[in-house]
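The values are calculated or read from the model by the stated rules, or taken from the named source; none is laboratory data. Small disclaimer: the values here were computed from a predicted structure and weren't measured. Cβ atoms come from the backbone with ideal geometry, glycine included; neighbour counts cover every protein chain shown. Accessible surface areas use protein heavy atoms only, side chains included; no ligands, DNA or RNA. Shrake-Rupley method; radii C 1.70, N 1.55, O 1.52, S 1.80 Å.
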Amino acid sequence: MGWFDFLTGKKAKQGDARPFIKSYLEENWEDLLADWTEMIEEATSLGAVFDKKEMMRKEVQALAEKISAILKDNDLRPPANLSGLIREEINEKMLSEARPVIREFVAGYRKPGIPWPQEIDIPWQDMGKLETALAEKGVDLSLLQYDTSEEKIRSLLDKYGIRKRPSFQDAEAWARTFSYSNEDIVALKAALKRDNIYLQAVEHCLGNLRALVKDELVSMQDDWFESSFRKVNPGLPEKPSKMQWVAAYVKTFFQDRSYLGHLQRLAAKHGVTFSNEELEKMVSSEIEVQKISRS
């Protein structure tokens with residue numbers, strides 16, 4: 001703020017800090033990764049107990065001071081949540097580097113010539129290959145930081161019916177014994193997406209590599225399902241109604257409900273949202289209708 005602005009009481013405007021954060025990270029990303037790697041390797045070589053999260057907290061604070069100065073130079077007032085925004089952009093930058101590597105790794109397990117999504121098991125021992133490929137790109141997922149608490153994850157899993165608290169168990173006991181799987185987080189991400197809710201920690205599958213692999217596998221299988229489903233239902237409109245989605249599904253699979261999750265996500269992709277209960281009910285009803293027509 002200039003001297004005249006100060007005398008006249010003119011205040012700096014609150015601006016969008018993200019473009020400045022993105023620009024700074026883009027320009028300095030390789031140097032930042034090199035610095036973080038050097039700090040970790042130096043501490044490891046000394047045999048010290050090293051807290052990566054504490055290191056990143058300090059690094060984010062240092063970045064906040066630098067980006068705050070840049071914002072002020074552009075007559076903008078740094079937002080109160082600047083450190084949080086920087087942390088989110090660092091997370092996104094890391095995941096953007098990781099996703100293509102994960103995608104290529106998962107694609108290697110597809111069996112060619114099978115039209116519908118097939119069951120694919122990626123052995124645990126193969127994850128080492130992926131970790132090596134990520135390390136070669138300078139991606140260290142343990143540097144990711146999220147604000148989302150375990151309590152928040154637990155409540156969301158409960159809310160969306162992915163992991164319900166048993167009726168015989170009180171909330172306190174459930175919190176003590178609660179655990180969730182990679183599949184639970186992938187399912188939660190899909191549920192939030194249907195409701196147009198973005199929560200970075202869940203969108204990133206909490207930065208858990210195995211969960212990210214599962215999520216990428218589901219994404220690829222959904223693409224395969226859409227391609228196959230459209231091919232066997234050429235008359236399906238570009239944007240089908242709920243009934244058209246269900247009728248086409250039952251016509252294709254009749255009583256086999258194995259692919260309902262794929263249908264639910266495919267419909268959501270085209271703007272049609274089914275709850276689990278609604279989809280099950282509509283499919284059951286349509287099966288009865290088609291049973292009559294087939295008899």
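Pairs are defined by a Cβ separation below 6 Å, a sequence spacing of at least 6 or placement on different chains, a first member in segment 189-201 that is within 14 Å of Ser275 (Cβ to Cβ), and a second member that is in a helix (DSSP H, G or I) and among the charged types (D, E, K, R); the pairs so defined are Ala190/Arg265.
Among the numbered conditions (1) crowded, with 18+ Cβ neighbours inside 10 Å; (2) assigned by the TED database to the domain that holds Asn182, the only one that Asn208 does not meet is (1).
For segment 42-61, a residue qualifies if it is hydrophobic (A, V, I, L, M, F, W, C) and surrounded by 11 or more Cβ atoms within 10 Å (Cβ to Cβ), and the qualifying residues are Ala43, Phe50, Met55, Met56, Val60. For segment 220-238, the candidate set comprises residues that are surrounded by fewer than 18 Cβ atoms within 10 Å (Cβ to Cβ) and under 18 Å from Lys193 (Cα atoms); within that set, the residue that is nearest to the chain's Cα centre (by Cα) is Met220.
Each row is one residue, and each column tells you yes or no for (1) modelled with pLDDT of 85 or more; (2) among the hydroxyl-bearing types (Ser, Thr, Tyr); (3) assigned by the TED database to the domain that holds Cys205.
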| position | (1), (2), (3) |
| --- | --- |
| Ser96 | yes, yes, yes |
| Gly128 | yes, no, yes |
| Lys137 | yes, no, yes |
| Glu151 | yes, no, yes |
| Leu157 | yes, no, yes |
| Gln169 | no, no, yes |
| Ala173 | no, no, yes |
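The residues of segment 119-166 that are open to solvent by less than 30 Å² (accessible area, probe 1.4 Å), closer than 30 Å to Asp31 by Cβ and of a type in the set (Val, Ile, Thr) amount to a single one, Val139. When each of Ala211, Ala173, Ala247 is tested for being among the small types (Gly, Ala, Ser) and within 18 Å of Leu260 (Cα to Cα), the lone residue that passes is Ala247.
The residue pairs whose first member lies in segment 56-78 and is within 12 Å of Leu25 (Cα to Cα), whose second member is open to solvent by 20 Å² or more (accessible area, probe 1.4 Å) and of a type in the set (Lys, Arg), and whose beta carbons are closer than 7 Å, counting only pairs six or more residues apart or on different chains, are Val60/Arg87. Taking the condition under 29 Å from the mean Cα position of the chain (by Cα), at negative phi, at pLDDT below 95 and not acidic (Asp, Glu), does Lys214 pass? Here the answer is yes, as Lys214 does meet what is asked.
Conditions (1) in contact (Cβ under 8 Å) with a residue 24 or more places away in the chain; (2) small (Gly, Ala, Ser); (3) farther than 22 Å from Gln118 by Cβ; (4) open to solvent by less than 30 Å² (accessible area, probe 1.4 Å), marked per residue:
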site	(1), (2), (3), (4)
Asp256	no, no, no, no
Tyr259	yes, no, no, no
His262	yes, no, no, yes
Arg265	yes, no, no, no
Thr273	yes, no, yes, no
Asn276	yes, no, yes, no
Glu280	no, no, yes, no
Ser284	no, yes, yes, no
Arg294	no, no, yes, no
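Taken over segment 65-96, the residue count meeting the criterion of being within 29 Å of the chain's Cα centre (by Cα), surrounded by 14 or more Cβ atoms within 10 Å (Cβ to Cβ) and of a type outside the set (Lys, Arg) is 16.
Please go through segment 237-271 and give me each residue that is in contact with a Lys or Arg (Cβ under 6 Å, 6 or more places away or on another chain) and of a type in the set (A, V, I, L, M, F, W, C), ordered by number.
From segment 237-271, those in contact with a Lys or Arg (Cβ under 6 Å, 6 or more places away or on another chain) are 268, 270; that's our starting set.
Ala268, the sole residue that qualifies.
Tell me which residues, restricted to segment 168-196, are open to solvent by 40 Å² or more (accessible area, probe 1.4 Å) and within 11 Å of the chain's Cα centre (by Cα). The answer is Ala187, Lys193.
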